[in-house]
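These notes concern the structure reproduced below.
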């Protein structure tokens with residue numbers, strides 16, 4: 001039998017926060033490239049425009065995605081039982097996420113490799129649909145973390161927890177869960193269209209701006225319902241309401257600034273909104289990790305799911321040294337590719353396209 | 001939810017029902033073997049491209065820049081597949097093997113987290129800078145980005161191999177009865193696991209053999225094509241330049257193949273001895289050696305080929321290599337090699353797979369509860385995968401030598417069916433040797449997930465239904481199949497294309513105002 005929950009140690013709290021930070025990094029960074037990818041078929045009217053849209057995220061999307069992989073790896077290392085129960089319990093949703101990540105990743109790398117319109121359109125749809133599916137599933141997923149996924153120890157192995165009843169799939173789609181599945185893609189579209197406006201000039205900029213103004217209203221409306229519902233039904237007290245206000249202020253500011261052509265400030269607005277929403281969710285997930293324990297005597301939480309103090313210590317040193325380094329070179333990448341792009345930057349034909357195959 | 005018990009291999013009956021464990025194993029096998037079709041080329045080709053670009057930066061010889069661009073493109077096509085199929089790997093431990101993940105996560109999770117934090121960020125970020133930075137970064141800084149990407153890629157191999165080696169030989173760990181799991185005792189011991197120390201060089205050299213074979217084959221094929229092509233289709237100056245570039249690359253690839261082949265022999269020999277020490281059953285299974293041989297003046301032979309029933313029980317060795325197995329396993333031509341039957345008897349009687357392992361010692365009392373009765377892996381797979389791995393490696397080396405001989409002293413290959421066939425097989429042989437090597441390593445570890453500690457059937461997720469696994473397995477297979485067609489099609493297109501004619505990339509200082517070329521590749 002696992003020892004009963006005591007107070008979490010400092011290391012356990014640090015690692016819970018670090019995992020929250022990795023998730024925030026993922027949601028903020030890959031959030032906009034999901035949005036941009038979903039916009040390829042919506043805002044790109046011809047091949048050149050679609051290439052322009054892809055190129056705004058081309059150098060950075062893969063690095064952004066690693067935040068998710070690191071969050072997964074860190075959960076495995078720091079809270080093995082959390083990783084084990086969550087990943088096996090949400091088998092089909094995770095599978096959908098993997099499919100989404102596979103088709104969008106291949107799309108970015110392969111779309112330019114053949115000149116045929118059919119080929120490129122197919123991959124543009126892969127990028128858009130893949131990004132949408134991932135955003136949708138994570139939206140439903142995070143809403144369910146707020147509700148709390150019911151877990152119980154496995155019969156015959158009280159150290160291992162599984163979602164109950166298993167398989168736990170259709171139960172994910174409550175009204176609140178579905179709302180999460182609408183709000184997160186909307187937020188990413190808002191965030192992404194602002195990023196696109198920030199990174200482009202000329203007609204594409206104007207189109208992205210116009211889209212941001214529209215999707216901004218949807219996001220603000222949907223987000224308000226979601227956050228109010230979340231605080232009323234699954235509240236965390238004063239801190240939850242403060243975070244709600246901050247997130248709302250971020251969204252409103254983003255919408256206001258994008259109208260004023262202040263794209264940089266608007267982007268900070270959606271970034272902060274995403275951050276505050278995520279912080280709110282992780283506050284709610286402490287200390288039960290988004291689970292609702294059905295066995296009061298044997299619970300899965302930040303204490304019982306955690307790795308040993310030695311592993312947490314080793315991981316802490318690695319994080320202290322390497323997270324700043326990663327942040328440094330990722331920031332440098334954004335600096336190198338800081339210039340706005342316009343349709344004039346996109347050559348008529350891809351440079352260095354190999355000569356036609358002889359023979 | 002009923003957790004199905006592991007049905008011991010019933011070698012007598014040909015058919016038996018698939019259990020959850022079988023499905024999870026098939027899924028892991030399919031997705032991992034497929035993922036590993038792309039990894040070896042990525043590991044070494046990233047380095048080769050970095051070397052080509054370094055040569056260009058140092059010599060300013062256009063030939064090296066053209067090779068950098070040509071192979072860089074092929075590298076990226078391959079890399080993309082490695083990335084997207086790699087994400088599945090990190091997730092499926094938790095998805096299909098939740099008890100395993102819970103039991104080992106304190107040790108096994110750390111290398112995976114390190115891999116993401118140290119390696120994945122580095123390779124993805126700097127590769128993005130390399131692809132899009134040709135016109136934006138100063139020459140030397142741009143060169144640094146491909147090196148950092150290549151180093152990141154190879155760094156990931158260290159961590160994932162440390163994790164895998166721990167499954168073969170769980171060092172640096174203790175059993176904590178309060179949490180009922182393995183816990184870290186010494187992280188340095190995990191990273192310097194003796195299995196890791198031989199597996200890492202073996203894997204890296206296998207990657208070099210694959211990428212070397214790939215480069216030799218692509219450029220070798222082009223040389224034959226250039227030989228046939230009359231000068232009027234291509235300007236003779238350009239033709240000479242193309243030939244020089246491909247000649248250099250073909251020789252580079254073939255030498256890399258042969259040198260890494262020698263390295264594989266040495267590291268493989270060491271790996272055999274380490275395997276005998278920590279997983280004697282796997283060594284016995286590699287040879288289908290049922291009874292102990294060697295020792296006391298006698299020696300154990302290695303069979304190159306044998307015929308008979310597939311299970312090896314009634315096998316007839318056709319080509320024996322006297323005393324080679326003794327040497328391979330122990331380093332002594334008359335060393336004793338334990339057979340499957342005595343090992344099975346000893347393990348069934350409670351002897352530990354590695355009696356000196358601290359984790360196994362502490363966990364000993366729990367082993368019986370896992371109901372493992374058959375301690376041998378499935379012998380036909382281990383026997384044949386071991387031979388296919390080695391045989392394909394040797395054959396690739398022979399073709400590499402033939403390529404070098406053919407293009408010696410300015411000669412050109414005359415092409416023809418044999419040459420084309422050789423060019424097609426020389427990258428595929430080491431690639432499939434990689435697959436068989438891993439199939440041998442992983443199948444040879446059975447019935448264990450963590451050798452001598454955690455049985456495979458114990459590690460599977462109890463809450464996952466066979467339907468979920470079947471559904472995802474079918475869809476993975478379909479998606480992977482489509483992607484394979486797309487990938488191979490692109491590869492062939494870009495392999496057959498002429499080596500690109502390049503203008504020297506504009507440096508950042510000269511062209512700040514000109515439109516930048518941001519299209520990929």
Review point. How are the Cα pair distances of the stretch B:353-429 distributed, in percent, across 5 Å bins from 0?
Key: 3, 12, 13, 12, 9, 8, 7, 7, 7, 6, 6, 6, 3, 1
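Would you calculate a helix-derived [θ] at 222 nm for the protein assembly as shown, using -39,500 (n - 2.57) for each DSSP H run of n ≥ 4 and dividing by the full residue count, to the nearest 500? Don't jump to the answer; show the numbers that get you there.
Details: 28 runs with 591 residues, N = 880.
About -23500 deg cm²/dmol.
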Study note, to complete from the structure: Ordering A:338-345, B:93-100 by per-residue average of other C-beta atoms within 10 angstrom, highest first, gives B:93-100, A:338-345
Revision key, fill the gap. Using alpha-carbon positions, the gyration tensor of the stretch B:430-483 gives root eigenvalues a ≥ b ≥ c; with a/c under 1.5 called rounded, otherwise prolate if a/b exceeds b/c, else oblate, the class is oblate
Exercise for review: For residue B:18 paired with residue B:412, estimate the spin-label separation in nm (one decimal), with each label point 7 Å from Cα along the Cα-to-Cβ line.
Suggested key: 5.2 nm
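Relative contact order for chain B using alpha-carbon pairs under 8 Å, separation at least 6, rounded to a whole percent? Don't skip to the end; give the middle numbers.
On the way: 785 pairs, mean separation 115.4, N = 521.
22 percent.
Over chain A, what is the relative contact order in whole percent, taking alpha-carbon pairs under 8 Å and six or more residues apart? Kindly include the intermediate steps, with their values, before the conclusion.
Values: 500 pairs, mean separation 92.6, N = 359.
Result for chain A is 26 percent.
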Practice item. Would you mind checking the tilt of helix A:80-89 against the longest principal axis of the Cα atoms of chain A, expressed as 0 to 90 degrees and rounded to 10? Key: 70 degrees
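Among rounded, prolate and oblate, which fits the protein assembly as shown when a ≥ b ≥ c are the square roots of the eigenvalues of its C-alpha gyration tensor, a/c under 1.5 means rounded, and a/b larger than b/c means prolate?
On the way: a/c = 2.11, a/b = 1.08, b/c = 1.96.
Here the protein assembly as shown falls in the oblate category.
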Practice item. Quick one: angle between helix B:417-444 and the longest Cα principal axis of chain B, in degrees between 0 and 90, rounded to 10, please. Key: 30 degrees
Check your understanding: Angle between the Cα long axis of helix A:203-233 and the longest principal axis of chain A, 0 to 90 degrees, nearest 10?
Key -> 10 degrees
**Study point:** Distance histogram for chain B (every C-alpha pair counted, 10 angstrom bins, percent rounded to whole numbers)
**Key:** 4, 17, 26, 25, 16, 9, 3, 0, 0
Exercise for review: Work out the mean other chain Cβ neighbour count within 10 Å for the residues of A:304-312 and drop it here as an integer.
Suggested key: 5
Point to revise | Fraction of beta bridges assigned by DSSP in chain A that are antiparallel (%, nearest 5) | key: 50 percent
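In the protein assembly as shown, what % of DSSP beta bridges are antiparallel (nearest 5)? Can you show the working numbers first?
Working: 16 of 20 bridges.
Around 80 percent of the beta bridges assigned by DSSP in the protein assembly as shown are antiparallel ones.
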Revision key, fill the gap. Whole-Å distance linking the alpha carbon centroid of the stretch A:214-279 with that of the stretch B:186-204 is 48 Å
Point to revise | the stretch A:73-137-the stretch B:402-459 distance, computed between alpha-carbon centres (Å) | key: 29 Å
Study note, to complete from the structure: Inter-chain shielding metric for B:176-187, i.e. average beta-carbon neighbours from other chains within 10 angstrom, reads 4
Study note, to complete from the structure: Checked the stretch A:10-339 with the C-alpha gyration tensor, a ≥ b ≥ c its square-rooted eigenvalues, rounded below a/c of 1.5, otherwise prolate if a/b is larger than b/c and oblate if not; verdict prolate
Review point. How high is the FRET efficiency between residue B:54 and residue B:334 when r is their beta carbon distance and R₀ equals 60 Å, given to the nearest 0.05?
Key: 0.80
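Using only atoms on other chains, find how many Cβ atoms lie within 10 Å of each Cβ of peptide A:53-59 and report the average. Working shown, then result.
Numbers: counts 0, 3, 5, 1, 1, 6, 11.
Whole-number average of other-chain Cβ neighbours for A:53-59 is 4.
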Check your understanding: Where in the stretch A:194-218 is the amide nitrogen less than 15 Å from a point lying 7 Å along the Cα-to-Cβ axis of residue A:261?
Key -> A:197-210
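Here, each number is a calculation from the coordinates, and none is a lab measurement. The model shown is predicted, which means the values in this text are computed figures rather than measured ones. FYI the Cβ positions are ideal-geometry reconstructions off the backbone, even for glycines, and counts take in every protein chain you see.
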